[in-house]
1. Residues in region 84-92: is at least one under 24 Å from ILE41 (Cα atoms) and surrounded by 11 or more Cβ atoms within 10 Å (Cβ to Cβ)?
2. In region 25-62, what residues are in contact (Cβ under 8 Å) with a residue 60 or more places away in the chain and closer than 14 Å to VAL94 by Cβ?
3. Of the residues ARG133, ARG84, only one is in a helix (DSSP H, G or I) and at pLDDT 85 or above; which?
4. Given VAL74, VAL68, which one is at pLDDT below 90 and within 19 Å of GLU19 (Cβ to Cβ)?
5. Would you pick out the residues in region 24-49 that are touching a helix residue (DSSP H, G or I) at 6+ places or on another chain (Cβ under 7 Å) and assigned to a helix (DSSP H, G or I)?
6. Residues being farther than 28 Å from PRO112 by Cβ, small (Gly, Ala, Ser) and in a strand (DSSP E or B): count how many of those fall in region 50-81.
7. Within region 95-111, restricting attention to residues that are touching a Gly at 6+ places or on another chain (Cβ under 8 Å) and in a strand (DSSP E or B), which residue is nearest to VAL29 (Cα to Cα)?
8. Considering only region 21-72, state which residues are surrounded by 15 or more Cβ atoms within 10 Å (Cβ to Cβ) and touching a Gly at 6+ places or on another chain (Cβ under 9 Å).
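The values are calculated or read from the model by the stated rules, or taken from the named source; none is laboratory data. Bear in mind the structure is a predicted one, so any value in this text is a computation, not a measurement. Note that each Cβ is placed from the backbone with ideal geometry, even for glycine, and that neighbours are counted across all protein chains shown.
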Amino acid sequence: MTASNQGGYPPVEGAEPPEKLAKVVNPIVKILLRSPLHRLISKHLMLLAFEGRKTGRTYSVVVGRHKVNDTLVVPTGTTGRRWRLNFRGGAPVVVTMGGRRLHGRGELVEDPEEVARIHRLLLDRLGLKNARRLQRFA
């Protein structure tokens, strides 16, 4: 997105943890999400497994998750996380959520108006205070 607000920040930003922190914490989170202890952290997190378009390699990433109108949404931001590009045009995906593995199809939403609409729905559902709190942990 190229639009910005008066503060100079994009209207929608990713809330990814610093890369060094993610490298230490994500392997632990992956183990927990696959274990019976998933309830400790799986309310807003899940594992997203998919095949790389160019490499054919299977990737598994920890992501924040939300439901919008019965659709699972994974806000990713627009910078840094290149894995999201594997979902351009749609791609098969396996999510580990709530202790269960579910097969589906993921699609990258890039249209700025649709992204804004989805974030508006999320904000309406969560409320500003909860959205800010979740942003720190997503």
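1. Here is the first cut: in region 84-92, the ones under 24 Å from ILE41 (Cα atoms) are 84.
Filter again for surrounded by 11 or more Cβ atoms within 10 Å (Cβ to Cβ), leaving 84.
Yes, because at least one residue in region 84-92 is under 24 Å from ILE41 (Cα atoms) and surrounded by 11 or more Cβ atoms within 10 Å (Cβ to Cβ).
2. Of everything in region 25-62, those that are in contact (Cβ under 8 Å) with a residue 60 or more places away in the chain and closer than 14 Å to VAL94 by Cβ turn out to be LEU33, ARG34.
3. Going through ARG133, ARG84 in turn, the sole match is ARG84.
4. Working: VAL68 fails: within 19 Å of GLU19 (Cβ to Cβ).
That would be VAL74, the only listed residue that is at pLDDT below 90 and within 19 Å of GLU19 (Cβ to Cβ).
5. Residues satisfying the conditions are LEU32, HIS38, LEU40.
6. In the first step, residues of region 50-81 are kept if they are farther than 28 Å from PRO112 by Cβ; the result is 55-58, 60.
This time we only want the ones that are small (Gly, Ala, Ser), so: 56, 60.
Retained after the next criterion (residues that are in a strand (DSSP E or B)): 60.
Qualifying residue count, region 50-81: 1.
7. VAL95
8. Once the filter is applied, which keeps residues that are surrounded by 15 or more Cβ atoms within 10 Å (Cβ to Cβ) and touching a Gly at 6+ places or on another chain (Cβ under 9 Å), region 21-72 yields LEU33, HIS38, SER42, LEU45, MET46, LEU48, PHE50, LEU72.
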